[in-house]
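Beneath this line is the structure, given in structure tokens, with notes to follow.
The values are calculated or read from the model by the stated rules, or taken from the named source; none is laboratory data. In this text the structure is predicted, and so the values were computed from the model without any measurement. Ideal geometry is used to build each Cβ from the backbone, glycine not excepted, and the neighbour counts take in all protein chains shown.
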Amino acid sequence: MSGDRSLYIDRGVLLNLCATGYVGDILKALPFRCTILDDVCQSPLMLWTNPQEDEGLLEHERVSIASLVSSGVLEVEHFEQERYRQAFVAFASYIPDRQAALLTLAEQLHATLAVDDKHTRRALDRLAPYIPIQSTLSCLYIWHVDLQLLDAQMQPILRNMAYQAQFTPPDGDPFLDWWQRIVR
């Protein structure tokens, strides 16, 4: 259902969506062109695994997003720092450079930002409250409604994501009640 408007997805939200096992379907259900910065591709995304259901043994599993990029479900964009220097510097004085780059693009290109990080969201509320924000939970909720999935179908997906990505919804997320009702 991708639209004309871009959704800049931060690394944490992307990792969370990958942990569902349905990242491609979720991104397709969103009414956006889904975009990440090229620096996300430069270091591996890692999920926790628990091989053979051994409670004490945890390992990391590398997640590949290459198929999402090659199929056009996820676009990769290079951040041109010099082009957006003034806005970038203003944001980077409050949040890490990677987040500042995403925020700069969202502001300059009138896009939406997908981010869960509390510090970044607070800075966004203070510096650019006009930028629309999505969260991991809002992306999942859109997919849930779009596919008309039952809560019972969503429960193992959400629990697996919480475990593999070590995800805890941020306080104040508008979809926190939805998450808690299903995951309980």
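Can you go through Asp54, Asp38 and tell me which one is over 14 Å from the mean Cα position of the chain (by Cα), modelled with pLDDT under 95 and within 27 Å of Ile26 (Cα to Cα)? Working first, answer last.
On the way: Asp54 fails: within 27 Å of Ile26 (Cα to Cα).
So the residue among Asp54, Asp38 that is over 14 Å from the mean Cα position of the chain (by Cα), modelled with pLDDT under 95 and within 27 Å of Ile26 (Cα to Cα) is Asp38.
Table: residues versus (1) touching a strand residue (DSSP E or B) at 6+ places or on another chain (Cβ under 9 Å); (2) β-branched (Val, Ile, Thr); (3) under 28 Å from Leu30 (Cα atoms).
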residue	(1), (2), (3)
Arg62	yes, no, yes
Val69	yes, yes, yes
Leu74	yes, no, yes
Glu82	no, no, no
Phe91	no, no, yes
Tyr94	no, no, no
Asp97	no, no, yes
Ala101	yes, no, yes
Ala106	yes, no, yes
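Here Leu137 meets each of (1) more than 16 Å from Arg181 (Cα to Cα); (2) among the aliphatic types (A, V, I, L, M); (3) touching a helix residue (DSSP H, G or I) at 6+ places or on another chain (Cβ under 8 Å) with one exception, condition (1).
Only one of the numbered conditions (1) in contact with a strand residue (DSSP E or B) (Cβ under 6 Å, 6 or more places away or on another chain); (2) at positive phi is not met by Pro132, and that is (2).
Within the range 61-147, which helices (runs of 4 or more DSSP H) (wholly inside it) include 2 or more residues that are at pLDDT 90 or above and buried (at least 16 other Cβ atoms within 10 Å of the Cβ)? Outline the logic, then answer.
Values: elements: 66-70, 85-92, 97-108, 118-127, 136-147.
The qualifying helices (runs of 4 or more DSSP H) are 85-92, 97-108, 118-127, 136-147.
Exactly one residue out of Thr120, Thr168, Thr112, Thr104 is within 24 Å of Asp4 (Cα to Cα), β-branched (Val, Ile, Thr) and under 16 Å from the mean Cα position of the chain (by Cα), and it is Thr112. Restricting the first member to the range 153-167 and to residues that are touching a residue at least 60 places away in the same chain (Cβ under 8 Å) and under 19 Å from Val63 (Cα atoms), and the second to residues that are part of a helix (DSSP H, G or I) and polar (S, T, N, Q), the beta-carbon pairs closer than 6 Å and six or more apart or on different chains are Met161/Asn16; Ala165/Asn16; Phe167/Asn16.
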